[in-house]
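Worksheet: the structure to be examined is printed underneath.
The values are calculated or read from the model by the stated rules, or taken from the named source; none is laboratory data. Predicted model, so just to flag it, every value in this text is computed and none were measured. Virtual Cβ from ideal backbone geometry, glycine too; neighbours counted across all protein chains shown.
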Amino acid sequence: MDFHAVAQRAIGDMPPSTRFSPEDAKVIEAHADLILPLADEFVTGFYDTLFAHGPTRAVFEEGERAEREKTLKDFLVRVVNGPHDDEFFAWLAFVGPVHVVRQVSNPMMLAMLDHLVIFIMEKFKGHENADAVVAAFVRLSATLGAIISYGYEVAWQEALQNVVGMPPALVQRMVHEEAQQMFPLRSHG
Ligand code: HEM
């Protein structure tokens, strides 16, 4: 799987005004001194939320939480400090399939990206740059969601292709045709 291509394709599908931009990166980096001290609180709240809900709790193995907390903290530090280059986005395309392997669903992933945005919104309430910081995190979350969910989709497709041993274009055409049968558009009768 070409992680760079997956990230660029996902970003390319997003209208530019919805994408995480270099300006957003500057806004986040400029507030690093406020965000980074909140990292432990964010990570604890994130995993308290996942461990309090049966379907998300079920993903984790016994004794895994400390390691997962460290990974998420490293992730937040990388998000805040950058650099937000091609490598960064390609790495995010790899994060999607990592979750496929552990059977973390896209609804779980997308919900927790919102959790990040809401956390930042609450912490920046009343701050003079709150609007810009929150908007930067909203676009960051949308971009991460796009890359992770697309990475997830491609990983599924590739796994399916390997299982059935068919060329990618054929699998895609058959899936598309089957989807048309299953969900006929009303305008098509
Ligand atoms: C905001 C959404 C999320 C982000 C940004 C995120 C990020 C990450 C990252 C960066 C890794 C490490 C990837 C690597 O190996 O380098 C990881 C691993 C992992 N995440 Fe998440 N994650 C998210 C949501 C979730 C959710 C909702 C669950 C479970 C319900 C979850 C469960 C896991 C597990 C079990 C691993 C370990 C995978 C392994 O076996 O190596 N994550 N995550």
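If you filter segment 62-84 down to residues that are within 9 Å of the ligand (Cβ to nearest atom) and among the basic types (K, R), you find that the one that is modelled with the lowest pLDDT is R78. Just one of the listed residues (E87, E122, E128) is more than 10 Å from the ligand (Cβ to nearest atom), outside any helix (DSSP H, G or I), free of Cβ contacts under 8 Å to residues at least 12 places away in the same chain and not small (G, A, S), and it is E128. When segment 30-46 is filtered for residues that are free of Cβ contacts under 8 Å to residues at least 40 places away in the same chain and crowded, with 18+ Cβ neighbours inside 10 Å, only V43 remains.
For segment 176-189, the condition of being hydrophobic (A, V, I, L, M, F, W, C) and in contact with a helix residue (DSSP H, G or I) (Cβ under 9 Å, 6 or more places away or on another chain) holds for none of the residues.
Taken over segment 106-115, the residue count meeting the criterion of being near the ligand (Cβ under 8 Å from one of its atoms), touching a residue at least 40 places away in the same chain (Cβ under 8 Å) and under 11 Å from the mean Cα position of the chain (by Cα) is 3. Against the conditions (1) free of Cβ contacts under 8 Å to residues at least 40 places away in the same chain; (2) surrounded by 15 or more Cβ atoms within 10 Å (Cβ to Cβ); (3) near the ligand (Cβ under 9 Å from one of its atoms), V98 satisfies every one except (2). Residues considered: D74, D131, D85. Of these, the only one that is closer than 18 Å to P16 by Cα and out of contact with any helix residue (DSSP H, G or I) (no Cβ under 9 Å at 6 or more places or on another chain) is D85.
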